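To keep things clear, I will list the structure first and then write my remarks on it.
The values are calculated or read from the model by the stated rules, or taken from the named source; none is laboratory data. No experiment lies behind these values; they were computed from the predicted model shown. FYI the Cβ positions are ideal-geometry reconstructions off the backbone, even for glycines, and counts take in every protein chain you see. Quick note on the areas: whole protein, heavy atoms, side chains included, nothing else; ligands and nucleic acids left out. Shrake-Rupley method; radii C 1.70, N 1.55, O 1.52, S 1.80 Å.
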Amino acid sequence: MIVEITVKVPAEVAPEIRNLAEKLAKMHVAGSDEAELPLERLDWCVAQAVNELIKDKVIRSSRDYAWILSMMNEQVIDDFEEYYTPISFIDYLKMLKIEKLPSKSVLYDNCALVENTFPEWEFSDSPNSSEVIRRRNVAKRFLNAFMRAKRGVSEGFSE
């Protein structure tokens, strides 16, 4: 049996890793970063969910990504590890080819406003009650869209 493994490494060590892989017995180098690789299934689900929120105008501004990041950092979705920093989240969204991304300062500033745990969030900038509900709903809608996409994957998504 042959197992294909894809490894993401910093560009400066990629040649060394590629050379090492080619030297190991019974191993075949299936590709390199020159080829566009398909998204992993869970990443595809995240991309679908974010794009649905953009299409439905649930994400109204770049600050709305902070509510998704805050929810993901609370590990509401078991499939994902934490994104410790807004920079790593922005890099992840770039990998998913999401356009019009927030800046790191927008994410840092807005994530810092979140108090309590999802879905009972409150916000230290004291927005009116309709804005509190809207912010919570951005995260809830993302969670619902992600779960719909995930169900679609498990019901026969093929790459």
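Descriptive notes on the structure:
- Positions within the range 104-133 being among the charged types (D, E, K, R), part of a helix (DSSP H, G or I) and over 22 Å from I90 (Cα atoms), in sequence order: E131
- Among residues of the range 40-65, those that are buried (at least 21 other Cβ atoms within 10 Å of the Cβ) and not in a helix (DSSP H, G or I), counted: 1
- Across the range 141-153, the qualifying residues are those that are among the charged types (D, E, K, R) and surrounded by fewer than 17 Cβ atoms within 10 Å (Cβ to Cβ), and the one among them that is farthest from D56 (Cα to Cα) is R151.
- So I68, is it open to solvent by 70 Å² or more (accessible area, probe 1.4 Å) and aliphatic (A, V, I, L, M): no
Matching residues to (1) touching a helix residue (DSSP H, G or I) at 6+ places or on another chain (Cβ under 6 Å); (2) under 28 Å from V153 (Cβ atoms); (3) open to solvent by less than 60 Å² (accessible area, probe 1.4 Å):
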| position | (1), (2), (3) |
| --- | --- |
| M72 | no, yes, yes |
| P86 | yes, yes, yes |
| L93 | no, yes, yes |
| K97 | no, yes, no |
| D125 | no, no, no |
| E131 | no, no, yes |
| R134 | no, no, yes |
| A139 | yes, yes, yes |
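The rows are residues; the columns are (1) closer than 21 Å to C45 by Cα; (2) in contact with a Lys or Arg (Cβ under 6 Å, 6 or more places away or on another chain).
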residue	(1), (2)
M71	yes, no
Y84	yes, no
L101	yes, no
L107	no, no
L113	no, no
W121	no, yes
D125	no, no
N128	no, no
